[in-house]
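Student: Sharing a structure, written as structure tokens. Questions coming.
The values are calculated or read from the model by the stated rules, or taken from the named source; none is laboratory data. Everything quoted here is computed from the prediction, not taken from an experiment. Note that each Cβ is placed from the backbone with ideal geometry, even for glycine, and that neighbours are counted across all protein chains shown. Only protein heavy atoms, including side chains, enter the accessible area calculation; ligands, DNA and RNA are left aside. Shrake-Rupley method; radii C 1.70, N 1.55, O 1.52, S 1.80 Å.
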Amino acid sequence: LSISFVLDGSELIRIDPSIYFIDHLPVTVQALVVVVVVAVSLAIALAACATQPSDLDLSLRHPTAQGRYVVQMDPPAAPPAINQIHAWQIKLSSPDGTPVRHARIAVDGGMPQHGHGLPTRPQVTREVTDGTYLMEGMKFSMTGWWEIKLAIQADAGHDTAVFNTVIDASGVMR
């Protein structure tokens, strides 16, 4: 009897009772040992997923990867509940502060520690005012560290930005 835990194609843990010298014990005791080891291993793995990196940048305003734009993410005024659809505003400007009009912004993201994407497909639906865009359809399905990835196309060219947010039971944390 051997049990393996695999995450993103990498084997994290392999449990083989024979290497723990319990193969001489009755099968029911071996099974109990395996269950206990599995439970402890899962608890450790879940605890690792619950903690985000200590140097995680939670700022809501920063330059894009290539410096073509400055992006500010404005979450809803009231933190959304888990599994609640909500909207954000995205403010896009040039490095000198001029609002960037008529941009196309694609949204992606997910939970890096869990290896899954967003539970919905948020869309930038319109430009509300010069350089301010409405992103609708955002939803966080669980607590933890989430990334919001933006792909921006405007007059200065293509660029990207990634924002981190940590969701707790009461909503967005900054």
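Student: Within the stretch 110-158, work out how many residues are under 19 Å from ASP57 (Cα atoms) and part of a strand (DSSP E or B).
Tutor: Residues that pass the stated criteria total 10.
Student: Among the listed residues PRO80, PRO95, which satisfies the condition of being more than 20 Å from the chain's Cα centre (by Cα) and assigned to a loop (DSSP other than H, G, I, E, B)?
Tutor: Details: PRO80 fails: more than 20 Å from the chain's Cα centre (by Cα).
None of the other options fit; the residue is PRO95.
Student: Quick one: would you say SER93 is small (Gly, Ala, Ser), closer than 15 Å to ALA161 by Cβ, surrounded by fewer than 17 Cβ atoms within 10 Å (Cβ to Cβ) and touching a strand residue (DSSP E or B) at 6+ places or on another chain (Cβ under 9 Å)? Working first, answer last.
Tutor: Numbers: small (Gly, Ala, Ser): yes; closer than 15 Å to ALA161 by Cβ: yes; surrounded by fewer than 17 Cβ atoms within 10 Å (Cβ to Cβ): no; touching a strand residue (DSSP E or B) at 6+ places or on another chain (Cβ under 9 Å): yes.
So SER93 does not fit the description; no.
Student: Something else now. Check THR120, THR165, THR143, THR132 and return the single one that is in contact (Cβ under 8 Å) with a residue 12 or more places away in the chain, among the β-branched types (Val, Ile, Thr) and open to solvent by 60 Å² or more (accessible area, probe 1.4 Å).
Tutor: Just one listed residue meets the conditions, THR143.
Student: A further question on this structure: Among the residues of the stretch 15-34, is there at least one that is within 23 Å of MET142 (Cβ to Cβ), modelled with pLDDT of 65 or more and open to solvent by 50 Å² or more (accessible area, probe 1.4 Å)? Can you show your working first?
Tutor: From the stretch 15-34, those within 23 Å of MET142 (Cβ to Cβ) are none; that's our starting set.
Within the stretch 15-34, none of the residues are within 23 Å of MET142 (Cβ to Cβ), modelled with pLDDT of 65 or more and open to solvent by 50 Å² or more (accessible area, probe 1.4 Å).
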